[in-house]
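The values are calculated or read from the model by the stated rules, or taken from the named source; none is laboratory data. This is a predicted model, so every value here is computed, not measured. Glycine gets a Cβ as well: all are built from the backbone with ideal geometry, and neighbour counts include every protein chain shown.
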Amino acid sequence: MAEERLIPNRQAPGAMDIAARGPRSPCDYLATQVSLVPCVWWKRLLPAFRKREEGGEEMHHLQIEHPVSDFDTWKGAFDSFADFRQHSGVRRYRVLQPTDDPNYVIIELEFDSSSEAESFLAALQRNVWSSREAAPALRGEPQTCIVEAVEVEEY
């Protein structure tokens, strides 16, 4: 797909119009009708709408949570697998912790498809969690779930 660039829409002051090759999509039309919408917001939001509009799958997330014996040790091991995550289809990730428990982590890994998430989970179980050297701070069995966003709203 050609690189898209945002240009001002003269019909709706403050709104942005998306200039791209091919026919205009419903998302492009929506962007031209909303005035005073920040360019950054549309640039971030429209790709998700386009994916759904084109009949593609929604993004899938592998959620992992487990206790750790030491967060810094765990984080060092997690960081050492950055290339593995990137080459396994992870688009982005978030590491979360409960505010009242520094020895517990929740990880959300985003993939284009559920099959990529399933393959990555199998690789974690086989190659990482089964090895004390690869997962030195892991305590207990990680709880996992592959989920798909059905609705996202930002305020």
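Side notes on the structure shown:
- Meets criteria (in contact with a helix residue (DSSP H, G or I) (Cβ under 9 Å, 6 or more places away or on another chain), modelled with pLDDT of 95 or more, aliphatic (A, V, I, L, M) and in a loop (DSSP other than H, G, I, E, B)) for Val90: yes
- Within the stretch 62-111, considering residues that are in contact (Cβ under 8 Å) with a residue 60 or more places away in the chain and over 15 Å from Gly140 (Cα atoms), the one surrounded by the fewest Cβ atoms within 10 Å (Cβ to Cβ): Thr73
- Residue list for the stretch 123-153, filter: part of a loop (DSSP other than H, G, I, E, B) and more than 19 Å from Pro102 (Cα to Cα): Trp129, Ser130, Ser131, Arg132, Glu133, Ala134, Ala149, Val150, Glu151, Val152, Glu153
- Any hit, the stretch 108-122, residues being of a type outside the set (A, V, I, L, M, F, W, C), modelled with pLDDT under 95 and assigned to a loop (DSSP other than H, G, I, E, B): yes
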